Amino acid sequence: MPLSLFEFVQHATVKIKCTLGDGSTASGTGFYYQFSFADGSTETVIVTNKHVIEDSVSGEIVITAENNQGEPNLQDITNVKITDFKKRWVMHPDPNIDLCIMPIPALLNEYAKTGKKAAFAPFRANEMPDFNNLGIYKPTEDIYMVGYPNGLGDDVHNLPIIRSGITGTPFFIDHNGQPEFLVDCACFPGSSGSPVVIVNEASYSLHKQPLQAGNRMLLLGILYAGPQYDAQGEIKKYKVPTKKYVSTDIPMNLGYCISSKKLLDFLPILESLR
């Protein structure tokens, strides 16, 4: 049975649990993305922020099993443990872009030892905005951010928390010259790596155009940071942390999101690794 769009985004995300070098734990959010190559082949990866996994020595990825009808079995959840966790990730070639990917064949091979098939929904190129026709998008769009704020989610059924908001700046304009945009949405530790998406069912509107009939889902970007007031009253940008912490800084309920177009920079890297 095909997934609805909101079921899709539920099963596109993945909770990432990290054990750090000092023995403490942290968590973040990742999501599945499937790259397509010129020869028609594909490769699926998990996407998250570099800072989610940068201090990790081991990690866990939470996977839902597929039932006999090819649907997610919410009663069959497995934590797959991965050693040398940081080494599994491919870093974005630009050190200033807080993105990394992990090809999942090794993860799925480990999971296959359970005798089960993993259920997940990867974003693909057709869920990306049309970067060649950006005039169709409105300066402000309703968005959803999907992930695990403060590590929270439905751990029994491996389901994330879906939060709503709006784009604070046009997602198609590089904010302050950087390939990113802002969202007006509360961002908490654990939300790092959350996909930010537009999801419309039945109808949607385009910029200066009549109401459109049909469904739409667009992967706009990936949350990685947020502005906060510090104790001196200055506004600074902080990477969204991966664990709870005590701070005198005051969050502004805004988030910085890396444009999804930066995912395309990984394509030649994956080509070279084939």
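The values are calculated or read from the model by the stated rules, or taken from the named source; none is laboratory data. Predicted, not measured: the structure shown is a model, and the values here were computed from it. Counting neighbours? That spans all protein chains shown, and the Cβs are built from the backbone with ideal geometry, glycine included. The accessibility values were calculated without ligands, DNA or RNA, using every heavy atom of the protein model including side chains. Shrake-Rupley method; radii C 1.70, N 1.55, O 1.52, S 1.80 Å.
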- [ ] For residue 133, indicate whether it is polar (S, T, N, Q) and in contact (Cβ under 8 Å) with a residue 60 or more places away in the chain.
- [x] no
Open item on the list: Within the stretch 134-144, does at least one residue satisfy the condition of being part of a loop (DSSP other than H, G, I, E, B), crowded, with 18+ Cβ neighbours inside 10 Å and among the hydroxyl-bearing types (Ser, Thr, Tyr)?
Closed with: yes
Open item on the list: If I ask for residues that are modelled with pLDDT under 95 and of a type in the set (Phe, Trp, Tyr), which ones from the stretch 9-37 would you list?
Closed with: 37
- [ ] Tell me which of these residue 115 doesn't satisfy, since it passes every other one: (1) open to solvent by 60 Å² or more (accessible area, probe 1.4 Å); (2) under 18 Å from the mean Cα position of the chain (by Cα).
- [x] (2)
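Against the definition (polar (S, T, N, Q) and closer than 24 Å to residue 9 by Cα), how does residue 114 come out, yes or no?
no
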Open item on the list: Which condition from (1) modelled with pLDDT of 95 or more; (2) of a type outside the set (Asp, Glu); (3) within 14 Å of the chain's Cα centre (by Cα); (4) over 16 Å from residue 139 (Cα atoms) is the one that residue 255 breaks?
Closed with: (1)
